[in-house]
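S.K.: My structure is below; once you've seen it, I'll send some questions.
The values are calculated or read from the model by the stated rules, or taken from the named source; none is laboratory data. These numbers were taken from a predicted model, which means no experiment stands behind them. In this analysis, Cβ positions are derived from the backbone assuming ideal geometry, glycine residues included, and neighbour counts consider all displayed protein chains. When the accessible area is computed, the model is the full protein with side chains, heavy atoms only, and any ligands, DNA or RNA have been set aside. Shrake-Rupley method; radii C 1.70, N 1.55, O 1.52, S 1.80 Å.
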Amino acid sequence: MDFSFDHFPVDLVLFALVAAFLVLRLRSVLGRKVGIQPLPMPLPQQAEALKKAIDAKANTTEQKAEFSIPAPATRVGQQLEAIRQQDATFTPQQFLTGAQGVFTEVVTAFAAGERTPLENRLTPAVYASFEAAITARDAAGEKQRTEIKAIRSLAIEDVRLTQLAAGTGAAIDVRIVSDQISLVTAADGQPVTGMDAVTEFSDLWTFERLLGVAGSTWRLASARSA
């Protein structure tokens, strides 16, 4: 084999040098931060602070009411079971969820003087008293401002079943504790009743319906402070 300088592969050496230069050049370009880069991960302290801030915001924007349901072994618990036996769709939890929605709707509608929602949610006798109060308030030129800030709790306190000619009448007493701003002002803007501050209210509402009767729904049959 001939290893003389005249036959040394100079062209291969040049190609190798060019290739090495291109590899180094490409590596330097690819190593740069180009375009959208991933955000740096927050420090553990920052992540914990962010989590606490999100949790605090969630608690202030949506506070769930506490439900209190009598135990099945109690007299009231047995009455609730008797309702369920006549209406398979009934559950105390679902009932209190509906009562909470009705409470908000009725309180808001009464303050605004909206009669249609009240007529749909109240028994005829209770609607008549609410409608008379709205009429008297309008005649006096009074305005009512009511804001429900929070509904803290709903508790089933009593259940009564009564045999009627049309079916079984069911009545459920619910104590509702809420935080409200409730203020009635006269035509000149002066306060008549209530105050412009958040106040805790405790109300006892009674809901009634006929079991086993098509189209019968729970309606407010009584409302009083308790």
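S.K.: Inside the stretch 123-152, can you point out the residues that are within 26 Å of LEU211 (Cα to Cα) and of a type in the set (S, T, N, Q)?
M.R.: The answer is THR123, SER129.
S.K.: Could you please tell me which pairs satisfy a Cβ distance under 6 Å, a separation of 6+ or placement on different chains, a first residue in the stretch 90-114 that is of a type in the set (Phe, Trp, Tyr), and a second residue that is open to solvent by less than 20 Å² (accessible area, probe 1.4 Å)?
M.R.: Sorted first by the residue in the stretch 90-114, then by its partner, the pairs are PHE90/ILE83; PHE103/ILE176.
S.K.: Filter the stretch 76-106 for residues that are among the hydroxyl-bearing types (Ser, Thr, Tyr) and outside any helix (DSSP H, G or I); which is most open to solvent (accessible area, probe 1.4 Å)?
M.R.: THR89
S.K.: Let me ask you something else. Could you check LEU122 against (1) within 26 Å of THR185 (Cα to Cα); (2) open to solvent by 60 Å² or more (accessible area, probe 1.4 Å); (3) touching a strand residue (DSSP E or B) at 6+ places or on another chain (Cβ under 8 Å) and say which number it fails?
M.R.: Answer for LEU122: the failing condition is (2).
S.K.: What are the pairs with Cβ atoms under 9 angstrom where one residue, in the stretch 77-89, is closer than 14 Å to ILE172 by Cβ and the other, located anywhere, is open to solvent by 100 Å² or more (accessible area, probe 1.4 Å)? Sequence gap at least six, or different chains.
M.R.: Every condition considered, the pairs that remain are GLN78/PRO72; LEU80/PRO72; GLU81/PRO72.
S.K.: Sticking with this structure for a sec: Would you mind finding the one in LYS33, LYS57 that is assigned to a helix (DSSP H, G or I), at pLDDT below 85 and loosely packed, with under 14 Cβ neighbours inside 10 Å?
M.R.: Exactly one of LYS33, LYS57 is assigned to a helix (DSSP H, G or I), at pLDDT below 85 and loosely packed, with under 14 Cβ neighbours inside 10 Å, namely LYS57.
S.K.: Also: Is there any pair linking a residue in the stretch 141-167 that is in contact (Cβ under 8 Å) with a residue 60 or more places away in the chain and over 19 Å from ARG84 (Cα atoms) to one that is open to solvent by 30 Å² or more (accessible area, probe 1.4 Å) and in a strand (DSSP E or B), with Cβ under 7 Å and at least six apart or on different chains, and which?
M.R.: ARG152/GLU66; SER153/GLU66; SER153/SER68; LEU154/PHE67
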